[in-house]
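Have a look at the structure below, then the notes.
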Amino acid sequence: MWSTGSLTRSTCSWLILILGLDVGVASAQEPATRIQSVSTPSIAQPHTDDWPTYGLDYREQRHSPLKGIDRSSVSRLGLAWYFDTDYARGVEATAVVVDGVAYVTGSWSVVYALDARSGQLLWKFDPNVPKSVGASACCDVVNRGVAVYEGKVFFGALDTRLFALDAKTGAKLWEVTTADRSKAEYTSTGAPRVAKGKVFIGNGGGEFGVRGYVSAYDVNTGALIWRFYTVPGHPSDPETDETQAMAAKTWTGKWWQYGGGGTVWDSIVYDPELDKLYIGTGNGSPWNRKVRSPEGGDNLFLSSIVALEPDTGKYVWHYQEVPAETWDYTATQTIILGDMAFGGRERKVIWHAPKNGYFYVIDRADGKLLSAQPYSRQTWSLGYDMNTGRPIENPKADWTQSTEEVSVIPGAAGAHNWPPMAYSPQTKLVYIPEQTIPWVYQSLPLGGVRRGTYNVGTVVAGLTTADPLLFDVFMRTMLKGALVAWDPVQQKAAWRVEHGSIANGGILTTAGGLVFQGADETSSLVAYDAQNGTALWSFPTQDAPVAAPMSYAVDGEQYILVGVGRGGTSGLMPRPRDTALPPKGRFMAFKLGAQAQLPAPTPRVDYGDPPAPIDRSEATFDAGEKLFREYCVRCHTLKGVGNGRLPDLRRLPRAMYDSFDAIVRDGAVEGLGMPRFGHLLKAEELAALKTYLLVEAEKDRALRNQPSWWVAIKRTGYELLAKVLVRLM
Ligand code: CA
């Protein structure tokens with residue numbers, strides 16, 4: 001029998017060696033020089049060499065005005081430098097560059113200040129997030145970046161602490177806790193935004209029964225200035241104001257017991273022209289609306305854009321995209337501020353392409369819906385009633401009416417998730433990282449609120465099959481992505497570039513007439529002609545860049561900088577194994593004529609046959625599969641295939657299976673980011689989970705031992721089946 005103590009060190013060391021994971025105890029690169037000065041970046045007028053905020057400027061159009069790299073010169077783009085972060089998990093951050101310094105974040109909320117010319121580390125700040133917090137991260141231990149303002153760097157750590165650092169030295173100036181994790185499993189992954197002496201931040205946890213809100217803190221002291229709740233609390237709550245009372249009229253039952261959701265986990269955009277703050281709100285918690293609001297109601301402010309007064313947090317207007325949301329259709333995705341002619345006059349508008357597959361044009365002045373058209377295949381609605389601004393729900397998509405399985409497109413992963421979209425004023429097109437991911441929902445009663453697992457009222461991640469080959473074919477043929485160039489005036493696609501897989505990156509447009517996006521299928525960064533989508537350049541990045549690229553200039557030279565590291569929601573989907581291990585989370589900078597090389601990747605090893613499962617009963621396997629979906633799938637993906645970064649749980653060294661209880665129950669490798677689950681799972685549940693994994697490992701091994709000609713024939717048949725099935729959905 002292993003004891004946890006002795007196992008920790010030995011397991012850790014060979015895990016690092018064999019699986020290519022990294023504990024990240026110390027950085028290989030120590031800080032070099034200190035930063036001389038940090039100016040206050042002009043977020044409102046960024047026609048400089050900087051990239052001062054998450055989406056470039058307050059409009060968050062992500063259109064770089066730099067033209068040093070253009071359609072004719074892009075073929076000479078090469079690697080200028082790369083920087084490896086401490087961990088091999090997902091990288092979602094957009095770099096912020098001010099005065100020649102790139103401020104980036106890696107997984108586990110570590111902040112790095114890099115010399116933007118060389119990638120040399122200037123300072124690093126690790127908030128030391130306890131690894132146990134990973135158990136309540138819905139979608140990997142990611143972070144989308146920092147805010148820089150008046151010589152300070154702000155960021156939110158996964159455990160909901162908000163930090164202010166000295167931009168020159170990385171020294172901590174203040175820290176506050178933005179959510180009480182003892183009450184509910186809040187997390188924080190979004191980039192804070194700053195304006196008018198305030199830093200704005202929301203939180204995540206919509207799958208874990210939290211109540212969403214956004215807060216404003218004083219940039220100098222960290223004092224809380226205001227807080228706006230996106231869903232109402234208990235009616236007798238002393239904080240209830242008239243906005244909360246208005247929202248409460250759209251809920252029924254005892255919703256406050258479930259938290260309600262509506263989390264502001266990504267987009268928070270300040271509009272200096274109209275002096276408003278727009279927030280995008282998340283899904284209902286639990287997803288099943290029959291559980292959280294049994295007598296119906298629109299459930300304000302779920303799946304909405306809400307306009308607030310930035311100084312007070314007071315409600316101004318809202319537009320609810322999906323009343324009574326029940327498919328995990330968040331409205332948190334990129335909010336872009338634009339101007340366009342509509343109805344015979346110029347309007348200030350919001351462009352929005354959230355998970356539900358519709359592209360919305362909303363008047364920023366009053367929140368009125370101007371138009372809504374699908375940019376992606378969707379089956380949940382029959383269109384929008386433009387008199388009321390409400391969707392006409394497809395009754396066939398309402399999975400909450402029975403306990404039957406109901407397939408819906410898009411599913412919870414969304415037609416567009418957090419990877420940012422971008423706009424080009426040259427082409428007047430919005431470029432959307434689109435994806436098609438069918439989903440199967442099945443209504444479940446909510447068995448009390450449990451910690452450490454999804455509490456959503458549906459079977460999680462339903463699209464799976466018993467046969468591992470059929471599953472692999474489904475993943476490869478039914479899940480597709482595209483770069484969609486969308487005309488917001490005509491409300492139709494100008495062109496599309498089809499991608500062979502999902503999990504493609506966020507978007508950058510440049511005044512050089514280019515669109516940059518990371519491609520998952522080929523693990524590369526690609527530059528397209530913004531006019532027509534012709535691929536003009538690509539660079540193999542050894543892993544998918546899911547983050548959005550950005551651009552800056554130093555010493556008169558333009559750079560393109562992108563974070564590389566598959567993960568986050570995109571990483572929830574299984575990825576067929578590459579022959580090499582992915583590198584640690586990495587930032588890569590490109591400029592014309594540069595010729596730096598990446599180190600050679602480490603090849604993967606085949607560990608041979610897994611141990612045979614002891615208990616082969618169907619009941620145990622089924623119980624294990626259910627538990628795996630509830631607790632494990634959000635990091636390890638369906639069947640434990642892995643997202644290319646976390647190991648394929650079907651192909652581990654035998655000793656790993658022998659140490660199952662020490663790892664899963666006792667947290668023997670918690671330092672690597674695998675939380676302990678002993679306080680959540682009983683002994684028989686752990687045994688069922690192990691059985692499930694060993695049976696899947698055995699099936700996977702059997703498939704690999706079959707003759708390749710036979711597998712090829714079966715694969716062809718399955719591909720035909722998948723194509724028919726996806727059409728019927
Ligand atoms: Ca969600």
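Here are the numbers for the structure shown:
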quantity	calculated
Residue selected from region 299-319 under the condition within 22 Å of the chain's Cα centre (by Cα) and assigned to a loop (DSSP other than H, G, I, E, B), by the criterion farthest from the ligand (Cβ to nearest atom)	Phe301
Qualifying residue in region 710-726 (condition: of a type in the set (Phe, Trp, Tyr) and surrounded by 18 or more Cβ atoms within 10 Å (Cβ to Cβ))	yes
Residue, farthest from the ligand (Cβ to nearest atom), within region 382-405, restricted to residues that are crowded, with 19+ Cβ neighbours inside 10 Å and not in a helix (DSSP H, G or I)	Tyr384
Ala341 vs. criteria at pLDDT below 95 and not in a loop (DSSP other than H, G, I, E, B)	yes
Which listed residue is open to solvent by 30 Å² or more (accessible area, probe 1.4 Å) and more than 27 Å from the chain's Cα centre (by Cα), from Arg651, Arg629, Arg616	Arg616
Any strands (runs of 3 or more DSSP E) falling wholly within region 461-534 and containing at least 3 residues that are closer than 17 Å to Lys723 by Cβ and out of contact with any strand residue (DSSP E or B) (no Cβ under 9 Å at 6 or more places or on another chain)	none
Residue list for region 206-232, restricted to those being touching a helix residue (DSSP H, G or I) at 6+ places or on another chain (Cβ under 7 Å) and either within 16 Å of the ligand (Cβ to nearest atom) or open to solvent by 10 Å² or more (accessible area, probe 1.4 Å) (or both)	Phe208, Gly209, Tyr229, Val231
Qualifying residue in region 66-79 (condition: in contact with a helix residue (DSSP H, G or I) (Cβ under 6 Å, 6 or more places away or on another chain) and in a loop (DSSP other than H, G, I, E, B))	no
Candidate set: region 415-440, residues that are open to solvent by less than 10 Å² (accessible area, probe 1.4 Å) and at pLDDT below 95; chosen: the one farthest from Ala527 (Cα to Cα)	Pro438
First in region 633-659 and free of Cβ contacts under 8 Å to residues at least 24 places away in the same chain, second anywhere and outside any helix (DSSP H, G or I), Cβ under 7 Å, 6 or more apart	His636/Gly642; His636/Leu646; His636/Leu649
Residues being surrounded by fewer than 23 Cβ atoms within 10 Å (Cβ to Cβ) and within 20 Å of Pro420 (Cβ to Cβ) - total across region 353-363	1
Residue that is farthest from the ligand (Cβ to nearest atom), among those in region 247-280 that are among the basic types (Lys, Arg) and more than 30 Å from Leu56 (Cβ to Cβ)	Lys249
Positions within region 182-197 being more than 16 Å from the ligand (Cβ to nearest atom), over 16 Å from the mean Cα position of the chain (by Cα) and open to solvent by less than 20 Å² (accessible area, probe 1.4 Å), in sequence order	Arg193, Val194, Ala195
In region 194-227, the residues that are under 30 Å from Ala413 (Cα atoms) and of a type in the set (Val, Ile, Thr)	Val194, Val199, Ile201, Val210, Val214
Phe200 within 16 Å of the ligand (Cβ to nearest atom), among the hydrophobic types (A, V, I, L, M, F, W, C) and open to solvent by less than 10 Å² (accessible area, probe 1.4 Å)	no
Lone qualifier among Ala93, Ala179 - being farther than 30 Å from Leu525 by Cβ and either open to solvent by less than 30 Å² (accessible area, probe 1.4 Å) or hydrophobic (A, V, I, L, M, F, W, C) (or both)	Ala179
Given (1) part of a strand (DSSP E or B); (2) closer than 23 Å to Pro433 by Cβ; (3) of a type outside the set (Asp, Glu); (4) open to solvent by 10 Å² or more (accessible area, probe 1.4 Å), number of the condition Ala553 does not satisfy	(2)
Unique residue being at pLDDT below 90 and of a type in the set (A, V, I, L, M) when the list is Leu652, Leu638, Leu598	Leu638
Any hit, region 320-329, residues being in a strand (DSSP E or B), modelled with pLDDT of 95 or more and either more than 16 Å from the ligand (Cβ to nearest atom) or closer than 16 Å to Leu369 by Cα (or both)	yes
Residue in region 281-298 that is hydrophobic (A, V, I, L, M, F, W, C), away from the ligand (no atom under 16 Å from the Cβ) and open to solvent by 10 Å² or more (accessible area, probe 1.4 Å) present	no
Region 153-176, residues that are surrounded by fewer than 17 Cβ atoms within 10 Å (Cβ to Cβ) and either in a loop (DSSP other than H, G, I, E, B) or within 20 Å of the chain's Cα centre (by Cα) (or both)	Thr169, Ala171
Residue that is farthest from the ligand (Cβ to nearest atom) [pool: residues in region 107-126 that are open to solvent by 10 Å² or more (accessible area, probe 1.4 Å) and either of a type in the set (Ser, Thr, Tyr) or touching a helix residue (DSSP H, G or I) at 6+ places or on another chain (Cβ under 8 Å) (or both)]	Ser118
Single condition Ile225 does not satisfy, out of (1) part of a loop (DSSP other than H, G, I, E, B); (2) farther than 23 Å from Thr458 by Cβ	(1)
Boolean, Tyr692 is in contact with a helix residue (DSSP H, G or I) (Cβ under 9 Å, 6 or more places away or on another chain), of a type in the set (Phe, Trp, Tyr), under 27 Å from Val564 (Cα atoms) and crowded, with 18+ Cβ neighbours inside 10 Å	no
Identity of the residue in region 308-319, of a type outside the set (A, V, I, L, M, F, W, C) and either within 17 Å of Ala245 (Cα to Cα) or modelled with pLDDT under 95 (or both), that ends up surrounded by the fewest Cβ atoms within 10 Å (Cβ to Cβ)	Lys314
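The values are calculated or read from the model by the stated rules, or taken from the named source; none is laboratory data. This one's a predicted model, so the numbers in the text were calculated from it and none came from an experiment. Please note: Cβ atoms are built from the backbone with ideal geometry, for glycine as well, and neighbour counts cover all protein chains shown. Accessible surface areas use protein heavy atoms only, side chains included; no ligands, DNA or RNA. Shrake-Rupley method; radii C 1.70, N 1.55, O 1.52, S 1.80 Å.
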